[in-house]
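This report concerns only the one structure given below.
The values are calculated or read from the model by the stated rules, or taken from the named source; none is laboratory data. If you're wondering where the values come from, they're calculated on a predicted model, not measured in any experiment. Note that we place each Cβ from the backbone using ideal geometry, even for glycine, and neighbour counts take in every protein chain shown. To get the accessible areas, we keep the full protein, side chains included, count just its heavy atoms, and leave off ligands, DNA and RNA. Shrake-Rupley method; radii C 1.70, N 1.55, O 1.52, S 1.80 Å.
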Amino acid sequence: MPSDIDRELKQHLVRKDGQEDVCLATYAISRGRDRTTALIRRIFRPARGERHVHGNAAFTGDYVIRVAQEAASRGEGLILLHSHPGGRTWQGLSSTDRETESGYSGVAGAVTKLPVVGMTLAGESGAWSARFWISRSESLEAEAVRVVGDQFMQSFNPRRRAAPLATESQRRTVSAWGELVQADFARTRVLVVGLGSVGLDVAQRLAASGVQSIGLMDFDAVEVHNLDRMIGATRTDARIGRTKVEVARRLLLAQATASSPDIRSHETSICDPDGLAVALDYDVVFSCVDRPWARAVLNQIAYSDLIPVIDGGINIEATEDGRMRSATARAHTLVPGQPCMVCTQQLNPARVALDREGLLDDEEYIRASGIDAERVGQNVATMSATASSMLLAQFVSLIAAPGGRGIPGPLCFHFRHHILEHIETTQNPVCRWEADPGEGDLRLPVATGHAHAQEILRQRQLNRRGLAPWFAKFREALGRLLLPD
C-alpha cells in the first residue's frame, strides 16, 4: 500500500480508548510470474451504525455488502481490516476473528469474484499481517505486507520469510545499522535490470552486503567493447559471447555473504510480458538501463504495481574533437509521492515511441535522424562508480532511513562543476502514473513485446543448438582422456 493509505488506516484503527476498530478497503490484483499481490486502492470508513465497538469491534453485513458492491463495480476485491491494540509482530487470528472473516468471505467473494483479504494491524508497532481467503474454510497467509513511500516498510510473516541469521562476514555491515535493518535488507528481494557497468557494480555490492535474493535481467551478451566498464567480465567471456546474466551470476555467487544466496538469471527484456511478470515478483527494482522503452516500463510499475524503482545512470558529453565537455551522474527513487521520470524530464515519451517501433535499432533511421548512437548512454569504468554509489545510497535511504529520514528525492552530480544538486521537482497532479497508483493488472499495456530482444534470443538459442553436437563430442573425448579404456 502507499504510505498515505497506511497513515490513514492507522489513524482510524488505533483508538485512544485502547479498543479494537474495523475498516474496509478495496484492492487491485498484481500478478507476477510466481507472486500475486493485493494493492490497496481505496479506504471506506464505516458510516454511522455500520460497525460496533465494544472491546472487540465488528462489521455489519450492510457495511460489507456496500463496499463489496463498490469494489465489484471497479473490478476490485474487498479487504477486511481490524486492529489488535496490544500487538507488536505478525498477528495470528483468534477464533472470533477467523469466524468473522470466513463468514464474510463467502458473501463478499461472491459479489466481487475475487478472494477476500483479511488484514490485522498490530497497534503497538504498526506492523501489518494479511491473508487471502481462498474459500470460507481455507485461508492462505501472505508472506509480507509492504508499505511504499519515502521509506519502504515491510512486515514479514516469520513462517514464510524468516529472518536469516547474519553471517560472520557480515559483521561490519551489521554494525552500520543493526540486526533488525540487516534482516530487512537480507529479506528484500531485489531485481537489477541492465547489467552494464552500473548494474553489474550495484548487483555485486548488494550480494556482498547480504541481500539474499537477487534477480539479474539482461538479454545481451558480453562483447569486447564492454570490457572497459564491466568489471569482472573477462576476454574469454567476450570471445565466446557469454551472456551478461551468466557473468553477473558467476560474480555474485563468488561474492555473496548470505548463508543461502538465491541468485536468479533472467535472460529476457523488461519490455516483454514475460520480463514484466518477472519484475512483479520482486520487492525493489534497480533500473540500470539506457533505453527509453525499458525505462518507461519500469517507470510504470513503480506506480501501477507499487514496486520501488531506483533509477539512475551517467551521461557524458564530448566536444567535436572528442574531448570531454561535461558529465552528470543522477539517481532517484520512484515511489508514490515522488515525481515520475517523465515529470522530472528524465524520460522523453517521443523517444519511447521510437524505441517501441524499433527505430532506435534501425541504422538507416538513426543515420537520417542525426542521433549519435555511439554516444547515447555510453559510460566508462572510472566514472560509473559514481552512478552506482548514488543508486545504492538511495537504496540504503529507502530501507534503513538513516536518522529517520527516507529517500532524498532526485539527485544529480555535475562532474564539471563538482556540485551535487538536489533537483526540486514537484508532483504533477494530472500525471498519468502519479495520480492513480496501484492499478496492478489494470495498467496500460506498455511491455508489449520486444522484437529486437526476441530476435537476439532466438539466434542465441539456434547457436546453442548448433553447438550442442560439438559439445557432446568434446565431453566424450574428454571422458576418454580422463578415464581411458
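Filter region 200-221 for residues that are small (G, A, S) and either closer than 15 Å to Q255 by Cβ or open to solvent by 10 Å² or more (accessible area, probe 1.4 Å) (or both) and give the result. Steps first, please.
Going residue by residue through region 200-221, those that are small (G, A, S) are 203, 207-210, 213, 215, 221.
A203, A207, A208, S209, G210, S213, A221 - these are the residues of region 200-221 that are small (G, A, S) and either closer than 15 Å to Q255 by Cβ or open to solvent by 10 Å² or more (accessible area, probe 1.4 Å) (or both).
Answer yes or no: is there a residue in region 134-143 that is in a strand (DSSP E or B), open to solvent by less than 20 Å² (accessible area, probe 1.4 Å), under 30 Å from S397 (Cβ atoms) and touching a strand residue (DSSP E or B) at 6+ places or on another chain (Cβ under 6 Å). Walk me through it before giving the result.
Here is the first cut: in region 134-143, the ones in a strand (DSSP E or B) are 139-141.
Add one more test, that the residue is open to solvent by less than 20 Å² (accessible area, probe 1.4 Å), and what stays is none.
No, region 134-143 contains no residue that is in a strand (DSSP E or B), open to solvent by less than 20 Å² (accessible area, probe 1.4 Å), under 30 Å from S397 (Cβ atoms) and touching a strand residue (DSSP E or B) at 6+ places or on another chain (Cβ under 6 Å).
Considering region 40-56 alone, what residues qualify as being part of a strand (DSSP E or B) and either farther than 22 Å from S95 by Cα or touching a strand residue (DSSP E or B) at 6+ places or on another chain (Cβ under 7 Å) (or both)?
Listed by number, the residues that qualify are I40, R41, R42, I43, F44, R51, H52.
Answer yes or no as to whether A58 is of a type in the set (A, V, I, L, M, F, W, C) and more than 30 Å from R443 (Cβ to Cβ). Considered against the rule, which asks whether it is of a type in the set (A, V, I, L, M, F, W, C) and more than 30 Å from R443 (Cβ to Cβ), A58 comes out as yes. In region 402-421, the residue that is least open to solvent (accessible area, probe 1.4 Å) out of those that are small (G, A, S) and at pLDDT below 95 is G409.
Region 227-307 holds helices (runs of 4 or more DSSP H) entirely within its bounds, and those carrying 2 or more residues that are open to solvent by less than 10 Å² (accessible area, probe 1.4 Å) and not polar (S, T, N, Q) map to 244-255, 273-279, 292-304. Against the criterion of being modelled with pLDDT of 75 or more and out of contact with any Pro (no Cβ under 6 Å at 6 or more places or on another chain), D485 does not qualify.
Of all residues being of a type in the set (A, V, I, L, M, F, W, C) and under 23 Å from G440 (Cα atoms) in region 65-85, which is surrounded by the fewest Cβ atoms within 10 Å (Cβ to Cβ)? Just the residue, please. Give the derivation first.
Initial filter on region 65-85 (of a type in the set (A, V, I, L, M, F, W, C)): 65, 67-68, 71-72, 78-81.
Then drop every residue that is not under 23 Å from G440 (Cα atoms), which leaves 67-68, 71-72, 78-81.
Numbers: V67: 27, A68: 24, A71: 27, A72: 18, L78: 30, I79: 26, L80: 23, L81: 22.
Among them, the one singled out is A72.
Criterion applied to A122, A110 was being open to solvent by 20 Å² or more (accessible area, probe 1.4 Å) and farther than 12 Å from A25 by Cα, and the one residue passing it is A110. Taking each residue of region 57-76 that is in a helix (DSSP H, G or I) and looking for partners that are modelled with pLDDT under 95 and basic (K, R) with beta-carbon atoms closer than 9 Å, six or more apart or interchain, yields Y63/R51. Selection of region 422-449 for residues being open to solvent by less than 80 Å² (accessible area, probe 1.4 Å) and part of a strand (DSSP E or B) yields an empty set.
Candidates are the residues of region 23-36 that are touching an Asp or Glu at 6+ places or on another chain (Cβ under 8 Å) and surrounded by fewer than 21 Cβ atoms within 10 Å (Cβ to Cβ); the one that is farthest from Y104 (Cα to Cα) is R33.
If you check R41, R45, R88, which single one turns out to be open to solvent by 20 Å² or more (accessible area, probe 1.4 Å), within 30 Å of P273 (Cβ to Cβ) and not aliphatic (A, V, I, L, M)? Criteria check complete, one pass: R41. The listed residues are S197, S169, S175, and the only one of them that is surrounded by fewer than 19 Cβ atoms within 10 Å (Cβ to Cβ), over 26 Å from M1 (Cα atoms) and touching a helix residue (DSSP H, G or I) at 6+ places or on another chain (Cβ under 9 Å) turns out to be S169.
Cβ-Cβ distance below 6 Å, separation of 6 or more or different chains: which pairs start in region 293-309 with a residue that is among the small types (G, A, S) and end on one that is not in a helix (DSSP H, G or I)? Within 6 Å, the pairs are A294/I270; A294/C271; A296/V446; A302/V309; A302/L334; S304/E439; S304/R443.
Just one of (1) surrounded by fewer than 20 Cβ atoms within 10 Å (Cβ to Cβ); (2) of a type in the set (K, R); (3) under 29 Å from D441 (Cβ atoms) fails for R15. It is (3). Report yes if E20 is assigned to a helix (DSSP H, G or I), surrounded by 13 or more Cβ atoms within 10 Å (Cβ to Cβ) and either over 33 Å from the mean Cα position of the chain (by Cα) or without any contact (Cβ under 8 Å) to a residue 60 or more places away in the chain (or both), otherwise no. Here the answer is no, as E20 does not meet what is asked.
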